[in-house]
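Visitor: Sending over a structure as structure tokens; questions will come in a sec.
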Amino acid sequence: MSVVKSDRSPFVDDKYGLIKNIYDLPTYQGLPRVYVKMAFGGDYSTAGFNASGAGITAEQAKNSAIGEYIERFACLHQKNSNKYISKNKVSPKLINSFAKGKDSDYQWVEGKEILTDEFVALPADAIYLTFKNSNDNIKGKWITTSTGAACGTSLPQTCWKGIAEILERDSFQYHWRRQLPCQEIDIFSNEELKEYYQRYIISSGIKIRLYKFDMDWQVPSVFGIAEFKNGGCVVAASVRMTWLEACKKTLLELAQSIVGYAAVIFKEEKIKINDYSEVKEYQDHSILYMGDGMSKHLKFLNSTLELFKIPKESVEIDDQKILEFFKNKIRKIRRQVYFVDVTPEPLKKSKWLVGKTIIPGMLDIEPDYVPLLKDERLEEIDKNLIQLSIRKEAELGKAQPKVPHPFP
């Protein structure tokens, strides 16, 4: 794939910048009309890792790529951990069922439980992706993902975005493991969504479908599939305060994958993964599902229900009000929400802030292949959805899928 160097940014410098370069990914006639950009690392300890972003304008795509890069950078670089914080420690076992050891075996990071506004201490292992203590065997097995990390222009924005990402993973994993049919969303039922789809997303030879996911926290949750002529596909998902916002974000992320992976998707000779044990990273899941006929593993979503029509909704722009909306939804399922400001010191005075949100007990998406997931959260959602009259017990007895999930 050829890339074209993009415009400049205060964060970009070939020699000294946090980001070395930003490049445009080319798109082609018939593909989505969106901008996709890649940010490549300039810091000596992150050179080689990159982050992509998309938008309907070049500026949106650039900011998205920068934000994604800064988000990952912040969670790779441990700061302000302390072995001697003594008050309000959150048990490592609450966050990670495989955790072992004593409090003194851990480094701790100051954070806040945002539903009670109480300051707490969290194990650094739950915050930083590359955190390593002196003796990891003492602490048990920790697999820390970037779920819940978000970049934004204010800390409330980073927090609600982090919550939304956690809910997005919780929603997909549940529907994947339970193999539940869902309502397809009528993209043309809302004029704004219809115009967005027709102007930026609709693509020659690519069938795009959106599905409505229903969860016990009752926030708009959307899952999308872009299916290609060979039967392969890419997927995306989003949770937002309104159905319109969730649909638009899902469509944009599908477009980002189509443009970003175009060289792989439309190459006649596909990368083949013949043994599911080879699926070890999130990208492997995407590559697997671009293969011939792989979209058949998502046919379980199709239902006989009539299409879901997007209701009329007001879009909120106040980040504090959006955060309060999400907090109230989490209270309904009786969970704690922990938040840590992980913004690197050089960016503290900028409008590029990063937060890491943790909601213990929620489902996440594994980077490898887990044939059978055993998790109390699955049964909890079953019970809650039955009580809410959203699902019936007879729907919930299907076997878990025998293939890796498609989530990127």
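The values are calculated or read from the model by the stated rules, or taken from the named source; none is laboratory data. Bear in mind the structure is a predicted one, so any value in this text is a computation, not a measurement. Cβ coordinates were reconstructed from backbone atoms using ideal geometry, including for glycine residues, and neighbour counts include every protein chain displayed. When the accessible area is computed, the model is the full protein with side chains, heavy atoms only, and any ligands, DNA or RNA have been set aside. Shrake-Rupley method; radii C 1.70, N 1.55, O 1.52, S 1.80 Å.
Visitor: How much length, in nm to one decimal, is gained on full extension between Thr145 and Val315, taken as 0.36 nm per residue of separation minus their Cα-Cα distance?
Guide: 58.2 nm
Visitor: By the gyration tensor of its Cα atoms, with a ≥ b ≥ c the square roots of the eigenvalues, what is the shape of the chain: rounded for a/c under 1.5, prolate for a/b over b/c, or oblate?
Guide: Rounded, because the longest to shortest axis ratio a/c is under 1.5.
Visitor: Between segment 239-267 and segment 135-185, what's the alpha-carbon centroid distance in Å?
Guide: Comparing the Cα centres of segment 239-267 and segment 135-185, I get a distance of 18 Å.
Visitor: Could you list which residues have their amide H under 5 Å from that of Lys89, counting only those 5 or more apart in sequence or on another chain, with H placed in the peptide plane?
Guide: Under 5 Å from the amide H of Lys89: Ala121.
Visitor: Here is a follow-up. What's the center-to-center distance, using Cα atoms, between segment 302-337 and segment 86-103 in Å?
Guide: 31 Å
Visitor: When the helix-only estimate is applied to the chain (DSSP H runs of n ≥ 4, each -39,500 (n - 2.57), divided by the residue count), what is the mean residue ellipticity at 222 nm, nearest 500 deg cm²/dmol?
Guide: After summing the helix terms and dividing by residue count, I get -8500 deg cm²/dmol.
Visitor: Rounded to the nearest 10 Å², what accessible area does Phe213 show when all protein chains are kept and the probe is 1.4 Å?
Guide: Accessible area, nearest 10 Å²: 10 Å².
Visitor: Per-residue HN-Hα couplings for segment 294-310, Karplus 6.51 cos²θ - 1.76 cosθ + 1.60 at θ = phi - 60°, whole Hz, x for Gly and Pro?
Guide: Along segment 294-310, the couplings run 5, 5, 4, 6, 10, 5, 4, 5, 5, 9, 8, 5, 5, 4, 7, 9, 5 Hz.
Visitor: Cross-link list Lys89/Lys212; Lys309/Lys374; Lys62/Lys348; Lys93/Lys249; Lys207/Lys351: which exceed 30 angstrom alpha carbon to alpha carbon?
Guide: Distance filter (> 30 Å) returns Lys89/Lys212; Lys309/Lys374; Lys93/Lys249; Lys207/Lys351.
Visitor: Using the Karplus curve 6.51 cos²θ - 1.76 cosθ + 1.60 with θ = phi - 60°, work out ³J(HN,Hα) for each residue of segment 170-184 in order, rounded to whole Hz, and write x for Gly and Pro.
Guide: In residue order, the calculated couplings are 4, 5, 5, 4, 5, 5, 5, 5, 8, 6, 9, x, 9, 5, 7 Hz.
Visitor: Okay, next question. Counting only protein chains, not ligands or nucleic acids, how are Thr57, Thr145 ordered by accessible area (probe 1.4 Å), most first?
Guide: Descending order: Thr57, Thr145.
Visitor: Once the other residues with Cβ under 10 Å from the Cβ of Lys249 are scored (Lys, Arg +1; Asp, Glu -1), what is the net sum?
Guide: It works out to a net charge of -1.
Visitor: Evaluate the distance, in nm, between pseudo-label points positioned 7 Å from the Cα of Glu191 and of Lys374 along their respective Cα→Cβ axes.
Guide: About 5.5 nm, to one decimal.
Visitor: Could you derive backbone 3J(HN,Hα) for segment 109-119 from the dihedral phi with the Karplus parameters 6.51, -1.76 and 1.60 (θ = phi - 60°), listing whole Hz in sequence and x where the residue is Gly or Pro?
Guide: Here the 3J(HN,Hα) series is 10, 6, x, 9, 8, 6, 7, 10, 6, 9, 6 Hz.
Visitor: Using alpha-carbon pairs under 8 Å, 6+ residues apart, how would you state the relative contact order of the chain in percent?
Guide: In percent, rounded to a whole number, it is 18.
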